[in-house]
Structures are given as C-alpha cells and as structure tokens.
Amino acid sequence: MGARFTEIDEEFICEHCGKEVPKLGYSCRNHCIHCLYSKHVDKNPGDREETCHGLLEPIDIEITSKKGYVIVFKCIKCGQIRKNKVAEDDNMDKIYEIMRNKSF
C-alpha cells in the first residue's frame, strides 16, 4: 500500500527564519521558500500525524529525471531523512548554495 497524500496548502511563518511563507497554489506547501527549512509534522504527505515536530534542515539537493530538483531534509530532533520536490518559487540561490556545500 502506497503512501497517502492529503492536500493541505496553507500559509505559515517559518520557525527557522521567521519569514512569511505563502500558499503554494498548485499542490501542498511543504517548506519555507526563503531558507528551505521544513517541519517534521507528517508521517505521510499532509496527514499531520507525526509527533516529532522537529525542524527539518535542508542538507542536500538531488536531481531526478521525474521530479527535477528534490530537497533532502534531516530532522534536527530525531534524525529522520525526508525528501520533497522543489517548488516553483523556492529561493534558487539557497538551493545552489546547498549543492555547492555538499561534501563528497
């Protein structure tokens, strides 16, 4: 059985940088467009069933043939790895910075 997807597209204030993050408008907003941080709130996309609630730090960018740029997050609280597709209005300078700082 595949992961469930609950579409919740809401604006929020980023807990990492404090900036306002608007609704995405075409899917679900998952992370801050400014600093790219997210919050560990979902077990399956949009379900809000995760109890950890730690900040998800963007640690890597993957490039896939299906989804394009994908942000790899690591939860600061529990260490779990999560991934999410880059949104059209994400800060590309921040994405390139993460790619440049990747250690091999």
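The values are calculated or read from the model by the stated rules, or taken from the named source; none is laboratory data. Everything numeric here is computed off the predicted structure, so don't read it as measured data. Ligands, DNA and RNA are excluded from the accessible area calculation, which covers all protein heavy atoms including side chains. Shrake-Rupley method; radii C 1.70, N 1.55, O 1.52, S 1.80 Å.
Quick look at the numbers
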quantity	calculated
Cross-link pairs beyond the 24 Å C-alpha cut-off, checked among 74/94; 66/94; 19/67	19/67
Computed helical MRE - 222 nm, the chain, DSSP H runs ≥ 4 contributing -39500 (n - 2.57), nearest 500	-2500 deg cm²/dmol
Partners for residue 43 among aspartates and glutamates (Cα-Cα distance below 16 Å; same-chain residues under 8 apart left out)	7
Å² per residue, accessible surface of the chain at 1.4 Å	65 Å²
Accessible carbon and sulfur surface of the chain relative to its total accessible area, %, 1.4 Å	48 percent
Of (1) 12.0, 32; (2) 13.1, 37; (3) 12.3, 36, the label for Rg and Dmax of the Cα atoms in Å derived from the coordinates	(2)
82, 29, 100, ranked by accessible area, largest first (probe 1.4 Å)	100, 82, 29
Gyration tensor (alpha-carbon) shape descriptor, the stretch 5-50, a/c threshold 1.5	oblate
Residue 94 accessible area, assembled protein chains, probe 1.4 Å, Å²	60 Å²
Qualifying aspartates and glutamates (Cα of each under 18 Å from Cα of residue 102; at least 8 residues distant if same chain)	57, 60, 62, 93
